[in-house]
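Data first, discussion second: the structure below is written as structure tokens.
The numbers here are math on the coordinates, done by the rules we state, and not lab data. If you're wondering where the values come from, they're calculated on a predicted model, not measured in any experiment. All Cβ positions, glycine included, derive from the backbone under ideal geometry; neighbour counts span all protein chains shown.
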């Protein structure tokens, strides 16, 4: 699963940013943070549905990632928020799952080794 998470994390950064760069080029100086967040809601009912689905799902996933990281004692939880907000949720979730798997493996190895 770790290889899958890694590939998904890379694709989850590259593909959305390919579209982001095209949007920056199309919108030029008209590109604002409000435009970035609201464009999906204003295009059509279908785009509004996709945007609502994305925002609700990404907020729930971000909260879960933070709670899970704290529960497991993972370090650098703040990086999850930064990565989600600056790179892409489509990248942050699989990379979090990869880091979670690695953390669980290290924890299990540490518990299994004799003291």
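The long axis of helix 33-43 is offset from the longest Cα principal axis of the chain by roughly 70 degrees. The distance between label points at residue 21 and residue 100 comes to 3.1 nm (points 7 Å beyond Cα on the Cα→Cβ vector).
Each helix, a run of at least 4 DSSP H residues, gives -39500 (n - 2.57); summed and divided by the residues of the chain, these come to -29000 deg cm²/dmol at 222 nm. For the Cα trace of the stretch 58-115, dividing Rg by the Kirkwood Rh returns an Rg/Rh value of 1.05. Seen against the Cα atoms of the chain and their longest principal axis, helix 2-27 is set at about 20 degrees.
With Cα atoms as the point set, the chain shows a radius of gyration and Dmax of 17.4, 61 Å.
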